[in-house]
1. Name the pairs: first residue in segment 164-175 and modelled with pLDDT under 70, second residue of a type in the set (A, V, I, L, M), Cβ to Cβ under 6 Å, at least 6 apart or on different chains?
2. Find the residue count for segment 82-110, including only residues that are acidic (Asp, Glu), more than 15 Å from residue 20 (Cβ to Cβ) and assigned to a strand (DSSP E or B).
3. For residue 79, work out the one condition from (1) over 16 Å from residue 24 (Cα atoms); (2) open to solvent by 20 Å² or more (accessible area, probe 1.4 Å); (3) outside any strand (DSSP E or B) it doesn't fulfil.
4. Go through segment 111-137 and give me each residue that's at pLDDT 90 or above, closer than 14 Å to residue 32 by Cα and in a strand (DSSP E or B).
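The values are calculated or read from the model by the stated rules, or taken from the named source; none is laboratory data. The structure displayed is predicted, hence computed values, not measured ones. Neighbour counts run over all protein chains shown; Cβ positions are idealised from the backbone, glycine included. Keep in mind that these areas ignore ligands, DNA and RNA; they rest on the heavy atoms of the full protein, side chains included. Shrake-Rupley method; radii C 1.70, N 1.55, O 1.52, S 1.80 Å.
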Amino acid sequence: PTEGEWPACSPNPLRWPLGQMPVRYHVAEPGARDLGLTRSIQVVDDVFLQWHDLSCSSISIHDGGTVALAGGLPLIDGRNDVSWTADWRWTSDAIGVALIRGTAGVIYECDEVLNERDWSWTTEPSQLNVVTRHGLTVYAPAVVAQESGHCLGLGHSLDPSAVMYPTYTAEIARGTLT
């Protein structure tokens with residue numbers, strides 16, 4: 001397989017061009033309100049490390065550090081940002097979105113935007129599905145893994161236990177990338 005492609009992971013993968021390897025990602029300050037910046041960075045780093053280590057992966061991914069976003073939302077700026085925002089512009093049932101920019105199946109930028117207006121975030125499995133003033137608590141590693149999978153070129157899975165399944169479930173929150 002060509003570097004950056006994941007043929008065993010997806011039947012119709014998007015891909016990053018070789019000239020953009022390694023793909024660098026940035027965590028937007030201040031991170032998730034419920035996690036803080038340090039824990040948010042750890043979640044994102046751990047997720048990308050898991051994607052990098054999959055046997056079907058040949059993509060090179062590196063931490064590009066933190067970034068402050070103008071206006072709180074990612075721009076079309078050539079960076080790949082992971083951000084949490086209360087200024088959510090999508091439906092309230094969406095936990096996160098991957099904003100993929102590219103042409104002809106080639107990705108040149110992808111930003112992950114995670115909803116902290118309607119959802120609370122945790123890294124503790126015992127806190128799943130707890131209702132807070134910001135909504136139901138979701139497991140940050142599972143949601144970041146799903147949106148990161150899109151940013152790495154994967155589509156949704158039909159397997160309800162897969163992290164790339166389009167609906168967040170407790171089963172996905174307890175799982176790992178396989």
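1. Final answer for the pair search is 173/128; 173/142.
2. Residues flagged as acidic (Asp, Glu), more than 15 Å from residue 20 (Cβ to Cβ) and assigned to a strand (DSSP E or B) within segment 82-110 amount to 0.
3. Here residue 79 meets the rest and fails (1).
4. 112, 113, 114, 115, 119, 120, 121, 122
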